[in-house]
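Note sheet for the following structure.
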Amino acid sequence: MIENNKNNYVLIMAGGVGSRFWPKSRNHFPKQFIDILGIGKSLLQLTYERFEKICPRENIYILSNQQYLGLIQEQLNGIAVNNVLLEPSRNNTAPCIAYASYKILKQNPDANIVVAPSDHLILKETEFLNKIEQALGYTAANDALVTLGISPTRPDTGYGYINFQKEGIDGVHKVAKFMEKPVLEKAQEYLIIGDYLWNAGIFIWSAQSIQTAFQKYASEIDVLFAKGNEVYNTSTEIDFINKNYPNSPNISIDYAILEKADNVYTIPADIGWSDLGTWASLHEVVEKDKDNNALSVDHFYLEDTTNCIIQLPKGKAAVIKGLDDFIVVDDGKVLLIYPKGNEQEIKAVAGDMVVEFGEEYL
């Protein structure tokens, strides 16, 4: 565990529905709660265990939606109710980060905060912890908003990018600009130029610095959550949040703060990262057979079947011939057989299923 960690806090964002992993990830049981890697632990559990090395358990907060409280308590056995901050409405990342940060700042004026998604894969954990420690040291000493930038390994069009200044101090670089998801030619150009990183959505800052940023760049959010300063960490906090939170703007932390602020820095990191945002990205990182198939199925007979990801319920057998580069997922309610190359359509297909057949298929 990192030394002098009583001022370190972690916010794990666990409110998303993971619609690109439909039908395995469903509204009632989304991606972060699934053992998607087949190792006996959910992505949320892996993330929580990773951050126990950063700070004490009582300083780790789960930011989620009210409907997931039971799942969180079940998977994080013994977590205090006060450490689960529940949004009464889904208003994107800026409001939930403001709520948690203002609450923590009221507890500890010297608080230093890590914000991270609950559903990402990090293979190089020691390197990740080293980079987080480096960032926490920087934000404790400077009024800075820091993001971990992932050194790109390919020209990926599925991620936003961070354009950074190559000259840095002790591995910390000023961010020049955040870039939207690029077309392939632009992504190839970014890779060649070398001063672009993937935006992983992992942020580090002091509670004071992020409050100052909200005051400066997102005053509507600041005014709303500053009104709660008298009730945070008291018995009336939840009533205040339930009444006021739905009035906050629906906006991401990137748009609300990071793309406007002039004190944003990045630390380039090679941490074996994947956002596991799609079935194809899962296929890349899990174990595969000699035909490059990723299998989560008890019994199977495969012939002329290659480059597929196949997930079936316990006890169900698969007999498949002649498939290449397909997703085959049976969650018991929905059977999906879809070309991996067209997986970006799956989110829309799930929506069409709901319109046609009802909410039970979301």
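Please enumerate the residues belonging to segment 62-89 that are of a type in the set (A, V, I, L, M) and either touching a Cys at 6+ places or on another chain (Cβ under 9 Å) or surrounded by 12 or more Cβ atoms within 10 Å (Cβ to Cβ) (or both).
Looking only at segment 62-89, we keep the residues that are of a type in the set (A, V, I, L, M), and these are 62-63, 69, 71-72, 76, 79-81, 84-86.
ILE62, LEU63, LEU69, LEU71, ILE72, LEU76, ILE79, ALA80, VAL84, LEU85, LEU86 - these are the residues of segment 62-89 that are of a type in the set (A, V, I, L, M) and either touching a Cys at 6+ places or on another chain (Cβ under 9 Å) or surrounded by 12 or more Cβ atoms within 10 Å (Cβ to Cβ) (or both).
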All positions within segment 232-273 that are surrounded by fewer than 17 Cβ atoms within 10 Å (Cβ to Cβ) and more than 21 Å from ASN92 (Cβ to Cβ): ASN233, THR234, SER235, THR236, ASP239, ASP262, ASN263, ASP270, GLY272
Restricting attention to segment 343-362, which residues are touching a His at 6+ places or on another chain (Cβ under 9 Å) and open to solvent by less than 50 Å² (accessible area, probe 1.4 Å)? none
Pull up segment 17-43, narrow it to residues that are assigned to a helix (DSSP H, G or I) and basic (Lys, Arg), then point me to the one that is nearest to TYR68 (Cα to Cα). LYS31
Out of (1) touching a Phe, Trp or Tyr at 6+ places or on another chain (Cβ under 8 Å); (2) in contact (Cβ under 8 Å) with a residue 24 or more places away in the chain, the one SER274 does not meet is (1)
The one condition GLU127 fails out of (1) closer than 25 Å to ASP35 by Cβ; (2) of a type outside the set (A, V, I, L, M); (3) under 16 Å from the mean Cα position of the chain (by Cα) is (3)
Mind listing whichever residues of segment 20-36 are farther than 20 Å from ASN342 by Cα and over 17 Å from the mean Cα position of the chain (by Cα)? HIS28
Any pair with Cβ under 9 angstrom, 6 or more apart, that starts in segment 64-90 at a residue that is without any contact (Cβ under 8 Å) to a residue 60 or more places away in the chain and ends at one that is of a type in the set (Lys, Arg) and surrounded by fewer than 18 Cβ atoms within 10 Å (Cβ to Cβ): ASN65/ARG90; GLN75/LYS41; GLY78/ARG57; ILE79/ARG57; ALA80/ARG57; ASN83/ARG57
Please enumerate the residues belonging to segment 314-340 that are hydrophobic (A, V, I, L, M, F, W, C) and not in a strand (DSSP E or B). LEU323, VAL334
Residue list for segment 200-213, restricted to those being in a strand (DSSP E or B) and crowded, with 24+ Cβ neighbours inside 10 Å: ILE202, PHE203, ILE204, TRP205, SER206
Checked segment 1-47 for anything farther than 20 Å from GLY201 by Cα and in contact with a Pro (Cβ under 8 Å, 6 or more places away or on another chain); matches are ASN5, LYS6
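Among the listed residues LYS288, LYS316, LYS340, which satisfies the condition of being within 26 Å of GLU359 (Cα to Cα), surrounded by 14 or more Cβ atoms within 10 Å (Cβ to Cβ) and not polar (S, T, N, Q)? If you could, list the steps in order and put the result at the bottom.
Working: LYS288 fails: within 26 Å of GLU359 (Cα to Cα); LYS316 fails: surrounded by 14 or more Cβ atoms within 10 Å (Cβ to Cβ).
Result of the check over LYS288, LYS316, LYS340: LYS340.
Mind checking whether some residue in segment 44-61 is assigned to a strand (DSSP E or B), open to solvent by less than 50 Å² (accessible area, probe 1.4 Å) and among the hydroxyl-bearing types (Ser, Thr, Tyr)? First the steps, then the outcome.
As a first pass, look at segment 44-61 and keep what is assigned to a strand (DSSP E or B): 60-61.
Next, from what is left, pick out any that are open to solvent by less than 50 Å² (accessible area, probe 1.4 Å): 60-61.
Cutting the leftovers down to among the hydroxyl-bearing types (Ser, Thr, Tyr) gives us 61.
Yes, some residue in segment 44-61 is assigned to a strand (DSSP E or B), open to solvent by less than 50 Å² (accessible area, probe 1.4 Å) and among the hydroxyl-bearing types (Ser, Thr, Tyr).
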Quick check on my filter: what residues within segment 161-172 are at pLDDT below 90 and under 20 Å from LYS186 (Cβ atoms)? LYS166
Total residues in segment 299-313, condition closer than 25 Å to SER118 by Cα and either open to solvent by 40 Å² or more (accessible area, probe 1.4 Å) or in a loop (DSSP other than H, G, I, E, B) (or both): 2
In segment 118-173, what residues are open to solvent by 60 Å² or more (accessible area, probe 1.4 Å) and assigned to a strand (DSSP E or B)? GLN165, LYS166, GLU167, ILE169
Within segment 211-231, which residues are of a type outside the set (Ser, Thr, Tyr) and either free of Cβ contacts under 8 Å to residues at least 12 places away in the same chain or in contact with a strand residue (DSSP E or B) (Cβ under 7 Å, 6 or more places away or on another chain) (or both)? ALA213, GLN215, VAL223, GLU230, VAL231
Single unsatisfied condition, SER296 versus (1) open to solvent by 20 Å² or more (accessible area, probe 1.4 Å); (2) of a type in the set (S, T, N, Q); (3) modelled with pLDDT of 95 or more; (4) out of contact with any Ser or Thr (no Cβ under 8 Å at 6 or more places or on another chain): (3)
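The values are calculated or read from the model by the stated rules, or taken from the named source; none is laboratory data. On a predicted model such as this, the values are computed, not experimentally measured, just so you know. Glycine also receives a Cβ, built like all others from the backbone with ideal geometry; neighbour counts cover every protein chain displayed. Note: areas computed on protein heavy atoms with side chains; ligands, DNA, RNA excluded. Shrake-Rupley method; radii C 1.70, N 1.55, O 1.52, S 1.80 Å.
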